[in-house]
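Notes to accompany the following structure.
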Amino acid sequence: MYQLSPSMLSADFNRLGEQLKMIEDSGVKWLHIDVMDGDFVPSISFGMPVIASIRKESGLFFDVHLMVSNPDRYIDDFAKAGADMITVHAEACRHLEGCISDIHKAGCKAGVALNPATPLCQLEYVLHKLDMVLLMTVNPGFGGQSYIEKSTDKIKDLKEMIQSRGLETDIQVDGGVNSKTIDKVLEAGANIIVAGSAVFGGDIRANIENFQEAFKRYE
Ligand code: DX5
Ligand code: ZN
């Protein structure tokens, strides 16, 4: 039920294949792949060719977080590159409902991401179609930022919204999740945990074990 989705953005790109193998060997099932376009967010990261390349060697579930404007343009490209799940930002998408359908048609699971200031009511008429909601717990764009405390209430509210509709939508949190903040996000109801610097900074295997231990406290 709980999954750690290490954010590749914080990996050492000079040793990417080796580090991805290491996380897979440690029992991790998901990989969070942050795509940034320099427009929706200030920074630029990587795109389809990098994903297609790591797809050849990896059995991880590719959880692709598109921080790009008008992501509708790229759904098929990311599906072909090897995405298993595609998450688009509600703020970046002109026709969110259609985009979610396109993601499913492309054979992927569909997620919608909300920035910290975006209210949950944006999900009102699409929640039933989603496999996952990603709540940004920092403003998107960079790894290594601090968790925004107000996010804890938002996770609880989303959990309530999902349960009141009899849904089983996954709740992903992304940004500033580490050994100090993990308990509050799990307690609030998140079950898919993105972590970049807290996985790839220092001893990767030990970091992963810490997250796995935390999950056990809530299972
Ligand atoms: C931020 C990205 C995150 C980021 C998380 O815009 O969406 O996935 O890599 O990094 P940490 O865990 O270091 O905050
Ligand atoms: Zn992300």
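The values are calculated or read from the model by the stated rules, or taken from the named source; none is laboratory data. This structure is a prediction, so every number in the text was calculated from the model and none was measured. Note that each Cβ is placed from the backbone with ideal geometry, even for glycine, and that neighbours are counted across all protein chains shown.
Cβ-Cβ contacts under 9 Å between residues 6 or more apart (or on different chains), taken from a first residue in segment 129-143 that is under 19 Å from residue 8 (Cβ atoms) and among the aromatic types (Phe, Trp, Tyr) to a second residue that is within 13 Å of ligand 2 (Cβ to nearest atom) and assigned to a loop (DSSP other than H, G, I, E, B), are listed as 142/41; 142/43. Of all the residues in segment 4-22, those that are of a type outside the set (S, T, N, Q), part of a helix (DSSP H, G or I) and within 14 Å of ligand 1 (Cβ to nearest atom) number 3.
Do we have residue 111 as within 16 Å of residue 32 (Cβ to Cβ), within 16 Å of ligand 2 (Cβ to nearest atom) and surrounded by fewer than 17 Cβ atoms within 10 Å (Cβ to Cβ) here? Full working, then the answer.
Details: within 16 Å of residue 32 (Cβ to Cβ): yes; within 16 Å of ligand 2 (Cβ to nearest atom): yes; surrounded by fewer than 17 Cβ atoms within 10 Å (Cβ to Cβ): no.
Taking the combined requirement at face value, the residue does not satisfy it.
Can you say whether residue 203 is within 16 Å of ligand 2 (Cβ to nearest atom), acidic (Asp, Glu) and modelled with pLDDT of 95 or more, as far as the supplied structure shows? Against the criterion (within 16 Å of ligand 2 (Cβ to nearest atom), acidic (Asp, Glu) and modelled with pLDDT of 95 or more), residue 203 does not qualify.
When you scan segment 168-180, how many residues do you find that are touching a Ser or Thr at 6+ places or on another chain (Cβ under 8 Å) and either farther than 15 Å from residue 5 by Cβ or not charged (D, E, K, R) (or both)?
Summing the residues that are touching a Ser or Thr at 6+ places or on another chain (Cβ under 8 Å) and either farther than 15 Å from residue 5 by Cβ or not charged (D, E, K, R) (or both) in segment 168-180 gives 6.
Picking from residues in segment 148-195 that are in a loop (DSSP other than H, G, I, E, B), β-branched (Val, Ile, Thr) and out of contact with any Phe, Trp or Tyr (no Cβ under 7 Å at 6 or more places or on another chain), the one that is surrounded by the most Cβ atoms within 10 Å (Cβ to Cβ) is 169.
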